[in-house]
Amino acid sequence: MAADNSRGAMFRVIVPNQPSRVTNAELFFDLVFVFAVTQVSHTLLHHFTPLGAVEVTLLFLAVWWVWVYTAWVTNWLNPDLTPVRILIFLMMLGGLVLSTTIPTAFDGRGLWFAVAYATMQVGRTAFWLFATPRHRTAVRHNSIRILVWLSCSAIFWILGGLAHGEERLWFWIVALTIEYVSPAVRFWVPKLGFSSVEAWAVEGGHMAERCAGFIIIALGEAVVVNGATFAELDWTSDNILAFVSAFVGSISMWWIYFHKGAEAGSERISKTAESGRLARLAYTYLHMPIVAGIILTAVSDELVLKHPTGHSDLRTIISTVGGPLVFLVGTVLFKHAIRGFLQLSHGIGIILLLVLWWFAADLSPLWLSVVTSVIMIVVAVWESVSLGSKPEEAGEH
């Protein structure tokens, strides 16, 4: 009984209309992922080939998945307690190993990457199972289900780490597929069956704030890359304009996500009776393209800053137009999930970016960057004006 009481104390106390704050331990944990996002963007920059893009996408999906699973667990557990803090610090250590191996994950340090990732996923879930009192049957069954799925995927992560070349890629694709499919099939396992939606209730305000924090991480990494690259260049008119364009583009992304969407999402998930379902769709899955778009744009910013003149090559076009495009697709789907309607401003922005892609080869990297930034500003202003003077349920005109 005493053990159950001590375990139960590790869970957050949810008070209605009083969202749990994000703790300092969680913010400290997130610092590791500033490094991880930087490693992902730099790896893509130096391996911008079809195969390199596939490999970096897989690494990004792994980074996002280990972070968002941790966000779920710390939504239920109390990071102000010492055992949970120790878990977070151990996860930070694993995250540092994971991050440092990203550039060489498909070369010499693949096994290190695989072991770090599998240990973080399985170890954190095992701790959650240990921390759950026996009388909380639904929660314990959920942790067992997830542990089974992650243990299965861990086998393929390790096999991939031991393999080489194309075999490693295929093993890791299987591992990641297992992990991404598992929530969609509600972690079905023999005897325990499917997990119920009711068992996945979260403190909505906390989940929304955690995911918004990751958006800040990605945007902050882009700003740091821009500043560091610009500091090493001669301050010519082209370089200054490229720097300003990149900075304005980051501001427009911040505005599009935070000015209306983040607050609306936090309010909606805090009030819905199906917080688990909304957290799975809007925050676990639909935030991936938002973050990916920001990372791809950061790659574009560095390319444009270093080579602002001449014709735009394929990788400049893909990153400069594709980054904002992926970001807008993720954002419009996220806002649809929380508001129930598709925003016209975002749709027009997507169409304009697709049209720009058609003519992109005729523009210099600098002017391609400027035009994409202008399109993003138009989307941000349009949404602010259209939603600023009426209830959001009315949609955009």
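Only the coordinates and a few stated rules stand behind these numbers; no lab work does. What you see is a predicted model; the values in this text were computed from it and never measured. Glycine also receives a Cβ, built like all others from the backbone with ideal geometry; neighbour counts cover every protein chain displayed.
Just a few scattered comments:
- Spacing of the modelled spin labels on Thr100 and Ile351, each 7 Å from Cα toward Cβ, amounts to 5.1 nm.
- Radius ratio Rg over Rh of the stretch 204-388, counting only Cα atoms, Kirkwood formula for Rh: 1.00
- Segments 74-84, 278-288 sorted - mean Cβ within 10 Å per residue, highest first: 278-288, 74-84
- Against the compact-protein benchmark of 2.2 N^0.38 Å, the Cα-based radius of gyration of the stretch 57-189 scales to 1.05.
- The slack in the chain from Leu93 to Val197, taken as 0.36 nm per residue of separation less the alpha-carbon distance, amounts to 34.2 nm.
- Using C-alpha pairs under 8 Å with a sequence gap of at least 6, the mean separation divided by the residue count of the chain gives a relative contact order of 16 percent.
- Percentage relative contact order, the stretch 2-200, counting C-alpha pairs under 8 Å, at least six apart: 22
- Per-pair calculated FRET efficiency, R0 = 45 Å: Glu263 and Ile144 via Cβ, rounded to 0.05: 0.80
- Under 21 Å between alpha carbons - lysine pairs in the chain that sit 8 or more apart or on different chains: 6
- Helix-only mean residue ellipticity at 222 nm for the chain, each DSSP H run of n ≥ 4 adding -39500 (n - 2.57), per residue, nearest 500: -25000 deg cm²/dmol
- Stretch gain in nm, segment Asp234-Glu167, where the contour uses 0.36 nm per residue and the Cα spacing is subtracted: 19.7 nm
- Translational D in µm²/s for the chain (Stokes-Einstein at 37 °C, 0.692 mPa s, Kirkwood Rh from C-alpha pairs): 149
- Cut-off 20 Å, label 7 Å out along Cα→Cβ of Arg186, residues of the stretch 120-139 by amide N: 136-139
- The chymotrypsin sites (Phe, Trp or Tyr not before Pro) of the stretch 198-253 that DSSP puts in a loop, and whose beta carbon has at most 15 other beta carbons within 10 Å, are Trp235.
- In terms of the mean number of neighbouring beta-carbon atoms within 10 Å, the peptides 179-192, 132-145, 55-68 order highest first as 55-68, 132-145, 179-192.
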